[in-house]
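Step one of this worksheet: look at the structure below.
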Amino acid sequence: MAEFPTQARVVIIGGGVVGASSLYHLAKAGWTDCVLLEKNELTAGSTWHAAGNVPTFSSSWSIMNMQRYSAGLYRGLGAEVDYPMNYHVTGSVRLGHSTERLLEFKRVVGMGRYQGMDLDILAPDEITSRYPFLETHDLTGALYDPYDGDIDPAQLTQALAKGARNMGAHIERFCPVTAAQWTGTEWVLTTPKGEIRCEYVVNAAGYYAAEVGRMFGRRVPMMVMSHQYLLFDTIPELAEWSATSGAKLPLLRDVDSSYYLRQEKMGFNLGPYENPCRAHWATPDDPMPEDFSFQLFPDDLERLEWHINDAMARVPLLAKANLQKVINGPIPYTPDGNPLIGPMPGVPNAFEACVFTFGICQGGGAGKVLAEWVTEGATEWDMWSCDPRRFTGFEDHDYCVAKGKEVYGHEYAIHFPHHVWPEGRDKKLSAVHDRVAALGAEFGPYNGWERALWYARAGDDTSEAAQRTWNREGPWFGAVKAECEAVRDACGILDLPGFSRFVIEGAGAAEWLLRQITGKVPNVGRLGLAYFADDKGRIVTEMSVARLAEDRLLLITAATAQEHDKAWLLRHLIPGLSLSDHTHDWSTQILTGPNARAVLAQVTDADLTKPWLTWQMAQIAGAEVMLMRVSFAGELGWELHSRVGDTAAVWDAVMAAGAAHGLRPFGMFALNSLRIEKGYRAWKGDLSTDYTVLQGGLERFVDWAKPDFRGKAALAAEKQAGVAKQFVTLRVSAGAFDPPYMSTIWHDGIVVGETTSGYYGHRVRACLALGMIRSDLTVVGTKVEVEIFGERHAAEVLSDQPVWDAKNERVRA
Ligand SMILES: Cc1cc2nc3c(=O)[nH]c(=O)nc-3n(C[C@H](O)[C@H](O)[C@H](O)COP(=O)(O)OP(=O)(O)OC[C@H]3O[C@@H](n4cnc5c(N)ncnc54)[C@H](O)[C@@H]3O)c2cc1C
């Protein structure tokens, strides 16, 4: 027997499909000196009882990327590692009951095509040609995914493990990790077999991830659901059909009824995502057992009754079958249902690859992503949707349970652009929340902070049902138009709690920042936008920088970027400099519009002639306020930064002064409309590591004259070789819908790019899209088409300048 390894470069904790895939991909990357520790036998966790469905479908670009990669990997894995396994690529039929669902399908078909997959839409009368035993009278259509199928999860895990072992990696079974200690240079993990030291550690402990996380002082945002599938006995008609056709039925997903139905041998496997649903190990009277290896929960069929009946009505053949077995197992959920893959927040040399709800179909891609994080510190695809740092620590137990149940109960729900899910709300409230609410605000959470989305007027429909539409013109549309027009013609105020803010100081702070960003560091008293690139020149983040003193810098960034950006800054900070986080001490309001100066003049004696991109300290209502002359709405304006305790007094004073000047509150929907007219990018939509700074059209923020900055060499090489695709603004003759993220852009019958955001600009009265397009097509006036929910709409490339106030005369007024 091989000796217990006492040293490794990477230790992975957990031997489910994700741990095994992580080990396999690390070894593939040449990191063979890696060890996987599993407390029981491989697959003892969720992997053991998973149904093994392997869809590629997702309405998220990054998740689709992972699933597409997994399916491709699994097709060749058995032969590659010489471990044959059961992988049936049967295709799948996903049923639609509504026009909204069909639109969702059409969008995914477009995304899939862009990723090289031929998904297809079936008309109601075509569906039975794919799936003969189906009732179709009430359907609007279906999506056909030829790559879908099912795999044996245990065989898949063993194949990945074999592949890893073949390359030299080591797996130690029956070896629980019981403690972890950071020495300052390495991790020491305790196990009953002895200690093991390693440079990096990965938490791949599935539904035990929170327990393992605690060993690292990390609270993993997660909860555990019970999920069941039902196995039915042989049905003679099905057996006969299979024998005659030589085929297996495609996987059926009736997403509007929230279940899947799969042919399992000559019977069926029915898997509902029911609502109401059941959390496990969520209350003190239901503690999590120390070990649940290869165990299941008792059957609980009552809550599935509706789905069983619905499935029998949909596929009457099912009614002829006898129920043979029920599998009821634990399945972990994060508050948004996506897994955690990436750096463990606040913990050195530690990563997470855990809390997978769909670990079988995502495991292959997840291993690739994890291995890239560990070996390169960055991933090929932008993986923010799975980055552990998208959660920032406010997600307490009750929040995780409520959100987890909400996601599970709506696992197949459509995610509409203006819809706000109701659970887990009011976690962080602005100092003026009640005042904002009293004015009619409809709220949405940003990193837990409730912000006004729009202000409902008398008679506006504020029901959740009304938000479930792809249509641009929902109940908010008229209100948002009025808000935008107030900002254009008079003045608007947006309460914006939760901006992330960091102060970096110490001798040499400005010099240090100069090397971190692509552009210039503003002079004392001034502020500017700063772009942080990675070594490949890709866009990591964007922050506003206010130079408070020679070597004292205030960095302000998106609410959701708090942990991400802090980690990036800390990772590169040098001795002698300090970073402090002031996110919770301050709040912000945006006061913007041509009358903003007149409003401010009534409440402060600040010098309001100071130019654009300057800041000053001023007094409003007896409170010290930092006034920043900048406006994301693209009008004359200031950001009013006040201490949280002073924010209400500042708001009251400004609102009172504004009454005579047409001041009106506006919300985030209006801000989105206003910013897109200025071509201002949104982080993790328009700005992501999927694009370089040059592709992002941000060369004006690159100071080539600087001796060096991160990403400079890569960007210089890219510039010399020619930038292949570039940022553009498009005016789109869209119909009823604005183009969603990753709508493809066509030219001469081929796809030449994609949109990164789209919204209606009320000042220019047009649908606008920001996106990336083949460089030779960026010429102003070029005619292209944008595919929106399957229909191509004429669009035109606009000039590189903002559509609204091209010369920035209004912001500089
Ligand atoms: C009924 C059911 C059906 C499902 N069907 C599907 C499906 O069709 N398709 C799909 O994609 N997904 C499906 N899933 C989800 C899927 O099972 C999981 O997402 C996936 O198995 C997660 O894999 P993992 O490797 O992250 O975690 P796990 O498989 O849970 O592995 C974690 C491992 O960590 C080990 N471990 C824990 N603590 C320690 C420690 N301290 N030291 C060492 N080792 C430790 C555990 O023993 C375990 O083996 C289903 C889940 C359920 C419950």
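All of the numbers you see were taken from the coordinates with simple rules; none came from a lab. Values in this document were obtained by computation on a predicted structure and should not be read as measured data. For neighbour counting, all protein chains shown are included, and Cβ atoms are generated from backbone atoms with ideal geometry for every residue, glycine included.
Once every DSSP H run of n ≥ 4 in the chain is given -39500 (n - 2.57) and the sum is divided by its residues, what mean residue ellipticity at 222 nm do you get, rounded to the nearest 500 deg cm²/dmol?
Value at 222 nm, helices only, nearest 500: -8000 deg cm²/dmol.
How would you classify the stretch 346-436 from its alpha-carbon gyration tensor, with a ≥ b ≥ c the square roots of the eigenvalues: rounded for a/c under 1.5, else prolate if a/b is greater than b/c, otherwise oblate?
Because a/c hits 1.5 or more and a/b exceeds b/c, the stretch 346-436 counts as prolate.
My understanding is that a pair violates if its Cα-Cα distance is over 29 Å; which of K428/K520; K28/K520; K403/K725; K684/K719 do that in this structure?
Where the Cα-Cα span goes over 29 Å, the pairs concerned are K428/K520; K28/K520; K403/K725.
Taking a cut-off of 38 Å, what percent of all Cα-Cα pairs in the chain are separated by more than that?
43
Could you list M288, M772 in order of exposure, starting from the residue whose Cβ has the fewest other Cβ atoms within 10 Å?
Taking fewest neighbouring Cβ atoms as first place, the list is M288, M772.
Calculate the dipole size of the stretch 495-536 relative to its Cα centre from +1 charges on Lys and Arg beta carbons and -1 charges on Asp and Glu beta carbons; express the result in debye to the nearest 20.
The dipole of the stretch 495-536 has a size of about 140 debye.
From the phi of every residue in the stretch 682-696, what ³J(HN,Hα) in whole Hz does the Karplus formula 6.51 cos²θ - 1.76 cosθ + 1.60 yield, where θ is phi - 60° and glycine or proline is x?
Values, residue by residue: 9, 5, 6, x, 6, 10, 7, 6, 6, 10, 7, 4, 6, 4, x Hz.
Just to confirm my numbers, what's the Cα centroid distance between the stretch 102-124 and the stretch 699-774 in Å?
That distance is 23 Å.
How much of the DSSP beta bridge set in the chain is antiparallel, as a percent to the nearest 5?
85
Distance cut-off 24 Å, Cα to Cα: go down the list K39/K566; K106/K320; K610/K807 and report the pairs above it.
K39/K566; K106/K320
How high is the FRET efficiency from S293 to A123, r the C-beta distance, R0 45 Å, rounded to 0.05?
Efficiency, rounded to the nearest 0.05: 0.40.
With a/c under 1.5 counting as rounded, go ahead and sort the stretch 383-530 into rounded, prolate or oblate using the C-alpha gyration tensor (a ≥ b ≥ c being the square roots of the eigenvalues; past the cut-off, prolate if a/b is larger than b/c, else oblate).
Cα axes put the stretch 383-530 in the oblate bin.
Would you mind checking which residues have amide H under 5 Å from S688's amide H? H placed 1.01 Å from N; only 5 or more apart, or other chain.
Excluding prolines and chain starts, which carry no amide H, the hits are I539.
Could you give the angle, 0 to 90 degrees to the nearest 10, between helix 644-658's Cα long axis and the longest principal axis of the Cα atoms of the chain?
60
Can you compute the charge dipole magnitude of the chain about its Cα centre, using +1 on each Lys and Arg Cβ and -1 on each Asp and Glu Cβ, nothing else charged? Give it in debye, rounded to the nearest 20.
Charge dipole, the chain, about its Cα centre: 1920 debye, nearest 20.
Assigning unit charges at the beta carbon (Lys, Arg +1; Asp, Glu -1) and nothing else, what dipole magnitude in debye, to the nearest 20, does the stretch 222-372 show about its Cα centre?
Dipole about the Cα centre, nearest 20: 540 debye.
Each residue of the stretch 340-357 in order: what ³J(HN,Hα) in whole Hz does its phi give by Karplus 6.51 cos²θ - 1.76 cosθ + 1.60, θ = phi - 60°, with x for Gly and Pro?
Working through the residues one at a time gives 10, 9, x, x, 6, x, x, 10, x, 6, 10, 9, 10, 8, 8, 6, 8, 8 Hz.
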